[in-house]
Amino acid sequence: ATTARDYGRFLSMVCSCDGLTKESYRAMLAVQTDEYELEEAVTTWRLGWEARTIQGRETVFHTGDNGNYISMALFFLDDGEGYVVFTNSETGMSFINPFLRSLRQRQRSAGR
């Protein structure tokens with residue numbers, strides 16, 4: 001078991017290539033599948049990460065579903081910005097996606 005805080009630390013390390021060689025980082029993010037269209041987004045798979053181009057930004061993410069616990073970790077390849085969201089609900093994605101969209105909109109409004 002892990003916490004959102006610990007997973008956030010891990011994701012931060014991944015985003016900054018901390019603890020990985022540059023070769024390992026490149027291998028982890030190398031496209032492993034052909035592109036396909038999913039939910040109106042170009043999608044590929046990396047090593048353990050799904051990637052979609054969302055609003056012109058390449059977004060790499062991983063989700064978890066343990067029944068009553070749904071989670072998502074994601075980061076943007078252009079600037080390394082990332083998020084980790086853990087929920088305690090089997091309907092967690094109905095919260096996660098709107099929540100992440102609202103964060104992005106708030107950041108755009110603030111000029112970030």
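The values are calculated or read from the model by the stated rules, or taken from the named source; none is laboratory data. No experiment lies behind these values; they were computed from the predicted model shown. Neighbour counts are summed over all protein chains in view; Cβ atoms, including those assigned to glycine, are modelled from backbone coordinates with ideal geometry. For accessibility, only protein heavy atoms count, side chains too; no ligands or nucleic acids. Shrake-Rupley method; radii C 1.70, N 1.55, O 1.52, S 1.80 Å.
Here are Asp79, Asp34: which of them is under 22 Å from Arg9 (Cα atoms) and without any contact (Cβ under 8 Å) to a residue 12 or more places away in the chain?
When all the criteria are applied, what remains is Asp79.
Name the residues in the range 78-112 that are in contact with a Ser or Thr (Cβ under 8 Å, 6 or more places away or on another chain) and either loosely packed, with under 13 Cβ neighbours inside 10 Å or among the polar types (S, T, N, Q) (or both), would you?
Scanning the range 78-112 gives a single hit, Thr87.
Kindly indicate the residue of the range 58-73 that is over 13 Å from Ile96 (Cβ atoms) and open to solvent by 20 Å² or more (accessible area, probe 1.4 Å) and also nearest to the chain's Cα centre (by Cα) among those meeting that condition.
Glu58
Need the failing condition index for Gln55 against (1) open to solvent by 80 Å² or more (accessible area, probe 1.4 Å); (2) more than 24 Å from Leu103 (Cβ to Cβ), just the number.
Condition not satisfied by Gln55: (2).
Okay, residues lined up against (1) outside any strand (DSSP E or B); (2) of a type in the set (D, E, K, R):
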{"site": "Gly64", "(1), (2)": "no, no"}
{"site": "Asn68", "(1), (2)": "yes, no"}
{"site": "Asp78", "(1), (2)": "yes, yes"}
{"site": "Glu90", "(1), (2)": "yes, yes"}
{"site": "Ser94", "(1), (2)": "yes, no"}
{"site": "Leu100", "(1), (2)": "yes, no"}
{"site": "Arg106", "(1), (2)": "yes, yes"}
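Which of the residues that make up the range 4-21 are in contact (Cβ under 8 Å) with a residue 60 or more places away in the chain and either more than 17 Å from the chain's Cα centre (by Cα) or assigned to a loop (DSSP other than H, G, I, E, B) (or both)?
The one that is in contact (Cβ under 8 Å) with a residue 60 or more places away in the chain and either more than 17 Å from the chain's Cα centre (by Cα) or assigned to a loop (DSSP other than H, G, I, E, B) (or both): Ser16.
Counting just the residues of the range 22-45 that are β-branched (Val, Ile, Thr) and within 16 Å of the chain's Cα centre (by Cα), which one comes out surrounded by the most Cβ atoms within 10 Å (Cβ to Cβ)? It would help to see each step written out before you state the result.
So the first thing to find is which residues in the range 22-45 are β-branched (Val, Ile, Thr), and the list is 31, 33, 42-44.
Pick out the ones that are also within 16 Å of the chain's Cα centre (by Cα) and you get 31, 42-44.
Values: Val31: 11, Val42: 13, Thr43: 15, Thr44: 19.
My answer is Thr44.
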